[in-house]
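This report concerns only the one structure given below.
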Amino acid sequence: MIYLFALLLIIISACSPKYRVEKIYHPPQDKICVQKCQAEYTVCQDKCEDNYLRCLRDSIDRSQKIYSALQKEYSSRLKSYYREYNLYIREMEEINARLKRLNEELKLFSKICSKYRDKDACKKKDSLNKQIRRLKANQPSPPPKPAIVELDEILKKERAMCSCDCGCKEIYDSCYQSCGGRVEIKRICVENCD
């Protein structure tokens, strides 16, 4: 029922109209005021672009520092992983040796049980089967290997934090309106319109 409802929502949203927001500027009488707003907007955009470019340049240094710190942490985790992995290998060798011994005993007692119908041999066979199942069910899992640190990924994340949107357009709109102009926001249907 839930899947049907989710599918229905996806179908409805896929067919729903898509809009684009546009701003229509109705100019004021005071053209000098609007020119001042335009000049402030240009200064804001230039400063914003400079900050964005500086952020992109600095992202390389930030990424390298983060990478260096993560590399040290990775080396430490990798040493720990190899210690744990060696313990895991030794434990598995012991378990496999024990399983081999139990399986050999199981063959022997299975033959005696089936050939001579010996009650003690049959009980021992059942007991060995349980031990083998328990041993297989309780085998340890190998430790997870730590993920390799990639400088490219760190740089991508650092650059994603750089923004080239400083709100200059909103500042311009506010200034434009204070000059007596009017900013009209319209939603225009661009897809699946009725």
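Values in this text are rule-based calculations from the coordinates and carry no lab data. Because the structure is predicted, anything quoted here is derived from the model rather than measured. Reconstructed Cβ throughout: ideal geometry from the backbone, glycine too, with neighbour counts over all protein chains shown.
In a reduced charge model with +1 at each Lys and Arg Cβ and -1 at each Asp and Glu Cβ, the chain shows a dipole moment near 2040 debye about its Cα centre. I want to verify a result. In a Gaussian network model of the chain, Cα cutoff 10 Å, which of these has the top mean-square fluctuation: Lys123, Lys31, Lys72? Fluctuation is largest for Lys123.
Under 18 Å of direct C-alpha separation, and excluding same-chain neighbours fewer than eight residues apart, Lys125 reaches these aspartates and glutamates: Glu104, Glu105. Helical runs (DSSP H, four residues minimum) scored at -39500 (n - 2.57) apiece and divided by the length of the chain put the mean residue ellipticity at 222 nm at -26000 deg cm²/dmol. Positive end of the dipole of the chain (Cβ unit charges, origin at the Cα centre): among Tyr116, Leu56, His26, the Cα lying farthest that way belongs to Tyr116.
Per-residue 3J(HN,Hα) values for segment 37-53, derived from phi via the Karplus relation 6.51 cos²θ - 1.76 cosθ + 1.60 with θ = phi - 60°, read 4, 5, 5, 5, 4, 4, 4, 4, 5, 4, 5, 4, 5, 4, 4, 5, 5 Hz in sequence order (x marks Gly and Pro). GNM on the chain, C-alpha springs below 10 Å: top fluctuator among Asp165, Asp120, Asp61? Result for the chain, Cα springs under 10 Å: Asp120 fluctuates most.
Over the chain, how many percent of alpha carbon pairs lie in each 10 Å bin up to the one with the longest distance? With 10 Å bins starting at 0, P(r) equals 7, 14, 12, 14, 15, 12, 9, 7, 5, 3, 1, 0.
Our coupling estimate for segment 99-108, obtained by passing each phi through the Karplus curve with A = 6.51, B = -1.76, C = 1.60 and θ = phi - 60°, is 4, 4, 4, 5, 5, 5, 5, 4, 4, 4 Hz, Gly and Pro reported as x.
Residues whose amide H comes within less than 5 Å of that of Tyr19, counting only those at least five positions distant or on another chain, are Val190 (H built at 1.01 Å from N in the peptide plane). Residue pairs exceeding 28 angstrom between C-alpha atoms, taken from Lys31/Lys186; Lys36/Lys157; Lys100/Lys123: Lys36/Lys157.
Among Glu93, Glu158, Glu73, the largest mean-square fluctuation in a Gaussian network model of the chain, built with springs joining Cα atoms closer than 10 Å, belongs to Glu93. If the segment from Arg77 to Tyr116 were pulled out straight at 0.36 nm per residue, it would be longer than the present Cα-Cα gap by 8.4 nm. Return the FRET efficiency for the residue pair Leu70, Ser141: r is the Cβ-Cβ distance, R0 is 35 Å, and the value is rounded to the nearest 0.05. Using R0 = 35 Å, I get an efficiency of 0.85.
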